[in-house]
1. Looking only at residues that are open to solvent by less than 40 Å² (accessible area, probe 1.4 Å) and modelled with pLDDT under 80 in segment 139-151, which one is nearest to E257 (Cα to Cα)?
2. Applying the selection to segment 152-177, what residues are under 13 Å from A256 (Cα atoms) and assigned to a helix (DSSP H, G or I)?
3. Out of segment 265-291, which residues are polar (S, T, N, Q) and either part of a helix (DSSP H, G or I) or free of Cβ contacts under 8 Å to residues at least 40 places away in the same chain (or both)?
4. Before we move on, is S175 among the small types (G, A, S) and at pLDDT 80 or above?
5. Here are some residues: V281, V259, V226, V273. Which one is open to solvent by 50 Å² or more (accessible area, probe 1.4 Å) and among the aliphatic types (A, V, I, L, M)?
6. Sort through L286, L250 and tell me the only one that's open to solvent by 10 Å² or more (accessible area, probe 1.4 Å), modelled with pLDDT under 80 and not polar (S, T, N, Q).
7. Would you check if A294 is small (G, A, S), part of a helix (DSSP H, G or I) and at pLDDT below 80?
8. With the checklist (1) surrounded by fewer than 16 Cβ atoms within 10 Å (Cβ to Cβ); (2) under 18 Å from A120 (Cα atoms); (3) at pLDDT 80 or above in hand, flag the one item A196 doesn't pass.
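The values are calculated or read from the model by the stated rules, or taken from the named source; none is laboratory data. Please read these numbers as outputs of a predicted model, since none were measured by experiment. Note that we place each Cβ from the backbone using ideal geometry, even for glycine, and neighbour counts take in every protein chain shown. Accessible surface areas use protein heavy atoms only, side chains included; no ligands, DNA or RNA. Shrake-Rupley method; radii C 1.70, N 1.55, O 1.52, S 1.80 Å.
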Amino acid sequence: MTAFVIRRIALGGLILLLVSILLFLMLHMIPGDPTVVALGPRSTPEMREAFRAMMGLDKPLVEQLAAHLVRLAHLDLGQDVWSRRPVAEIVMEVLPYTVTLAFCSFAWAVTLGTLLGCVAVVHHGRWQDWLIGLFSVGFVAVPSFVVALYSLLFFAVTLNWLPAIGAGEAGDPLSQIRALILPSFAIGIGWVGYVARIMRAAMIEALGESHVRTLRAFGVRESRIVYGYALRQAFLSALPVIAIGFGGLLTGSVFAEIVFTRPGLGKLTYDAVMSRNYPLVMGAVLIASALYVACMIIADLLAAALDPRVRSAL
């Protein structure tokens, strides 16, 4: 088990290294002069040269990449171009908003998706199963930004039930909860379909096991078999995919945060890209990638800890 953990952590570190290198190269491949974007078209050549020197853009690309990797090795994400504050400090200020949004979306999506998957299995092959399958595919197919726009227009503008923008008033939990509803709905509805299909397939497989046939032979109620035995086994099988889904929600909240003008990692990254704030872009994306990799590692460890079959294969 220790070797398994070490391998997963080493693989995660390698993934983050490749992400940092590719991100660095892609940012420098963007057409246009970043000094003009940052300082404006009326900036003088002297101002642009000073900005290049401050950003280290006057050095060869290989040297810039080496300096970037050395900073990362010391856990230094650099400084913001404008405020000169550490990038890590700025990212950590908005990260709780993104984590809270992803957790709320994840919680209701997994709950509703598991419930729909159970109902589909109980009514396997009947109209309820087909209807849930149709809605599940529809949920997966609709992009999150489309859901965000239409939910904003309907619930916030037309009905005026929920706030349209922001994260709620500071110190007012009720206001913050109301501000979470629409964004969490927008990015979580796609995962309802994923979880429902995964749980349905896993439960159908679990119900075909020999021990389930034995339970039926002993007269155990079907509801107890489905919810007491098959659901537990199916959830263990689907747990790695569901845990990775939490990482996907963390990195996929950018559209909801932009549409609802909500502070968070996605909104911060978008604003940094638009202003060519390279250190902030790289820092935000690396933190998001690290969270995603951490979710993958945790999913593997949970599967190994809860499923003896996975442990025996290590």
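1. Just the residues of segment 139-151 that are open to solvent by less than 40 Å² (accessible area, probe 1.4 Å), to begin with: 144, 147-148, 151.
Right, trim to modelled with pLDDT under 80 and you get 144, 147-148.
Working: S144: 11, V147: 13, A148: 10 Å.
By that ranking, first place goes to A148.
2. Passing the criteria: only L152.
3. Kept after step one, since they are polar (S, T, N, Q), are these residues of segment 265-291: 269, 275, 277, 289.
Residues satisfying the conditions are T269, S289.
4. Against the criterion (among the small types (G, A, S) and at pLDDT 80 or above), S175 qualifies.
5. That would be V273, the only listed residue that is open to solvent by 50 Å² or more (accessible area, probe 1.4 Å) and among the aliphatic types (A, V, I, L, M).
6. L250
7. Answer is no for this residue.
8. Every condition holds for A196 apart from (1).
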